[in-house]
1. Take the residue pairs K69/K110; K326/K479; K272/K326; K69/K458; K221/K267 and return only those whose Cα atoms are more than 25 Å apart.
2. Given the peptides 372-381, 448-457, arrange them by the average over their residues of other C-beta atoms within 10 Å, most packed first.
3. Rounded to whole Hz and in sequence order, give me ³J(HN,Hα) for segment 270-279 from the Karplus expression 6.51 cos²θ - 1.76 cosθ + 1.60, θ = phi - 60°, writing x for Gly and Pro.
4. Kirkwood hydrodynamic radius (Cα pairs, Å) of segment 457-506?
5. Could you list which residues have their amide H under 5 Å from that of R209, counting only those 5 or more apart in sequence or on another chain, with H placed in the peptide plane?
6. Under the rule of at least 5 residues apart or a separate chain, name every residue whose amide H is placed under 5 Å from the amide H of H418.
7. State, as an integer percentage, the relative contact order of segment 126-195 based on alpha-carbon contacts under 8 Å between residues 6 or more apart.
8. HN-Hα J couplings of segment 325-342 from phi, Karplus 6.51/-1.76/1.60, θ = phi - 60°, integer Hz, Gly and Pro as x?
Amino acid sequence: MNGTVRILLSSAIAIVGLTDAAFAAPAKGGVIDVATIGEPPTLDPVSSTADLVGIISQHVFETLYTFDKAWAPTPLLAATLPEISADGTVYRIPLRAGVKFHDGSTMSSKDVVASLKRWMKIGSRGKQVAANVVSVEADGDMAVKITLKTAYAPLTAFLAFNNSAAIIVPEANNEDTLTKIVGTGPYMLKERKPDQYIQLVRFDDYASRAGDPDGYGGARKQWLDEIRFVPVPDANTRVEGAVAGQFAYVDSLPIESFDRVKAGKAKPVLLKPFGWPMFVMNTKQGLFSDITLRKAVQAALAPEDMMTAAFGSKDFFSVEGAMYPKDYVWSTNAGTEPYKPQGATEAAAALVRQAGYDGSKPIRILTSRQYEFHYKMALVAQEYLKAAGFKVQLDVVEWATLVQRRADPALWDIYITHSPFLPEPALIGFMSDAAPGWWTSPAKTAAIAALNTATDPKKRIAAWAEVQKVIYAEAPAYKVGNFNALAAKAPQLEGVAPAPWPYFWNAWLEK
């Protein structure tokens, strides 16, 4: 099954050209400031699917596996890839010896078992996995065994993902609400001043893997003394900070600022293609528990105008209904007929009338200006939805507030988000019944079960096409298009590979 994943990914182009920067052996030292889109709602990556949480926390916490530069799972805290039974239902995971936590204790199977059980109880992606798990138990001091109800092809990818991540923490710390920020990562938390910075410092007892860096895997060298993540919610302020050379790295810049950034003191970092923006609908309660109204939104939206407003030049986006771009093995046009680049206002209006919507209750669209392109798409969407007969209310909040509000189905009808193209379709957020939006249906359950239990690569690709058909048939979310992402780094910052979740182990400052 691990070979299956590797075969699937080896024929795909890496999501953002995740190649390793030229690796030398610089002297240790230096402090960098990293400008982020805002204040993370938590530092516990199990309990959050926010990318910002994963970007910061991956330096502190680690998982059993991660992804290499070809986006195949590779061992991190595990010693090897899983040993899998012939029927695919038993995974034995050997652990690396001598791995230290930040509190000085040594990792063992007891810590891993407790951490995985917490993940399956608390994490949205852990809950996905838990539905198919019979047991998680220690196999001696330095291995764990996971027994499944049926074969589950994406398991290793779930254990590798840093979003709603299966982090390993000391057994004693596995409370529902994480109160101690203690991991095994190359950096550890020293201080957090809300709305000012999160200060990470080198963990001197860090146990790095041997060899060379390999995407998120391989060696993790700690050249930097300190990494400070600084919340900069305003996009224009982040641009000006990049231009002035105020930060060593600036994440999530408006794509239209590319030329301005290029002319300043920082170097632009373009991730192409990066991912896809989406409008997630609340299928649990309210207006969009009605599939006819969801189909009306699907018909009303005009992705070409929305992407143009958000990203300007077509050098930075493309309009495509397939959930994966053409260079991925997962790419398929199956079911995408409802995706209309210019929208279909008359068809949308007919569906609105069919559903009996009278305009007395507005669609509440939850969005944020910290990702400016979300807000720009919302403005265009608002006009097209009005033209179809909807009353529309934009609720514009801080990103941390959005993440909190989307957990309450009473507070919104659509929320706007985005995702990088993920190496495993089962990782896509709304594939989980528990993810905000709460999409469930017999057709979804059957299609995803076929995807997850198939182990043959060709059968998994065909099964994904059937999942995409169900997504378009039931409209739980709306993919707008494909887009590139822009960041910026200081010229003296070396060893940073372009990545959807930027990381700063292996980075150093040229003297």
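Values quoted throughout were computed directly from the atomic coordinates according to the rules given, and no laboratory measurement underlies them. Note that the structure is predicted; figures quoted are calculated from it, not measured. Glycine also receives a Cβ, built like all others from the backbone with ideal geometry; neighbour counts cover every protein chain displayed.
1. Working: K69/K110 31 Å; K326/K479 15 Å; K272/K326 13 Å; K69/K458 23 Å; K221/K267 23 Å.
Where the Cα-Cα span goes over 25 Å, the pairs concerned are K69/K110.
2. Working: 372-381: 22.9, 448-457: 18.3.
The most tightly packed comes first, giving 372-381, 448-457.
3. Once θ is set to phi - 60°, the couplings for segment 270-279 become 9, 9, 9, x, 9, x, 9, x, 8, 9 Hz.
4. 14.9
5. When sequence neighbours closer than 5 places are left aside, the close amide H contacts are R220.
6. When sequence neighbours closer than 5 places are left aside, the close amide H contacts are M278.
7. Numbers: 50 pairs, mean separation 13.9, N = 70.
Here the relative contact order equals 20 percent.
8. x, 5, 7, 9, 4, 7, 5, 7, 9, 4, x, 7, 4, x, 7, 10, x, 9
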